[in-house]
Amino acid sequence: MRDFKSEQEVLQYYEETKHRVVIFEGTVYDVDSYISQHPGGQEFLVNYLGKVIDEPFEEHGHTNSARLIFRDLDKVGYIFGETQHQGSDLSKANIKGLDGLQLKSTIKIDYNRGLYKQMLDANLSWDDYITFINEPKHLVNPIRDIKVFDNWFLELFTKTPWWGIPMAFGPIFYYHFSQVEADWLTFIAFILIGTISWQFTEYILHRFLFHSEDYWLPNHPLVLAHHFILHGIHHAYPMDRYRLVMPIAPGYFIYFFVTAPYKLLMSDYYYHPQICGLLIGYVAYDLIHYFLHHSSPKDGYFKSLKTYHMQHHYKNGQLGFGVSMKFWDYVFFTQID
């Protein structure tokens, strides 16, 4: 830990050592481990390396969740003359791992044990549960794997790498494609209709099922523990690489649930092209979702989409339900401005 006499000295330190640092509330932080994960894109922080970020941090409307990022960053030193322990409550020294012990949540988590059983045993109140899932605890260390079940076999079904989705649903797509009897014009038309249908379904599921805590979720510890497994875990640990895409088993359930009405209402002539489109939309949704969390697009549509989805996680989880596109948020007035 070192003392810097001025912002200029910090800037000089950055230019000489190439250590990517910023100054926040009088403390110099190393942001190298975080810069690629910044919700607004890494180029924003690149513009402030070696500089004070207090003003732009406030101007961009960062939330308390964003402020908690600093607890996981290495401190390089302090600006001499500033209140030297001003940022100490944000440091790693006062946080025993990424366990939320000094967050607003009162739930104490043992990361050597499965989270599901702990959520059940905690006999959570509504406020405790909502607070816990709305405080991201997995921002800077995306490769630390959390444990959902103590049973290794059950735990296996909670982990899904991104490439597991096309592998799991590719054969189903091939089956429906092999059954297509429609002409190419009809096939392409229903591929488009099916893809758009999925994007609408994606919005409805995300808003009213995954975020059912905002609408109809019963206030019961057993229900809350299962909602945590469904989607709360993703908001509490948004950078967990193996619990980002939909697990394959519930993904199959969603497939049967979503496709059943089409099977009842449509002839096979239209049904199979429609489901091909739905599957394209679903696989694209999961891969885009993973991409938004674990990439840093520099410009264009995906940069805008990444920023939008990160705002859903770190700014307002009650808005911004579109993942692969924003369109339905604007239709139903749930867009994040």
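The values are calculated or read from the model by the stated rules, or taken from the named source; none is laboratory data. Predicted model only: the values in this text are computed from it and were never measured. Ideal geometry is used to build each Cβ from the backbone, glycine not excepted, and the neighbour counts take in all protein chains shown.
How many residues are part of a strand (DSSP E or B) and aliphatic (A, V, I, L, M) when one looks only at the range 1-36? Break it down into steps so the answer makes sense when it comes.
Going residue by residue through the range 1-36, those that are part of a strand (DSSP E or B) are 2-4, 21-24, 27-30.
Subsequent filtering for residues that are aliphatic (A, V, I, L, M) retains 21-23, 28.
Number satisfying all stated conditions: 4.
For the range 297-317, a residue qualifies if it is surrounded by 15 or more Cβ atoms within 10 Å (Cβ to Cβ) and among the hydroxyl-bearing types (Ser, Thr, Tyr), and the qualifying residues are 307, 308, 314. Of all the numbered requirements in (1) part of a helix (DSSP H, G or I); (2) without any contact (Cβ under 8 Å) to a residue 24 or more places away in the chain; (3) not hydrophobic (A, V, I, L, M, F, W, C), residue 306 misses one, and that requirement is (2).
The set of residues from the range 188-235 being part of a helix (DSSP H, G or I), of a type in the set (Ser, Thr, Tyr) and farther than 21 Å from residue 289 by Cα is empty. For the range 258-287, the set of residues classified as of a type in the set (A, V, I, L, M, F, W, C) and either out of contact with any Ser or Thr (no Cβ under 7 Å at 6 or more places or on another chain) or free of Cβ contacts under 8 Å to residues at least 40 places away in the same chain (or both) consists of 260, 264, 265, 266, 276, 279, 283, 287, listed by residue number. If you go through the range 34-60 and keep only what is at pLDDT below 75 and in contact with a Pro (Cβ under 9 Å, 6 or more places away or on another chain), you end up with 37, 41, 44.
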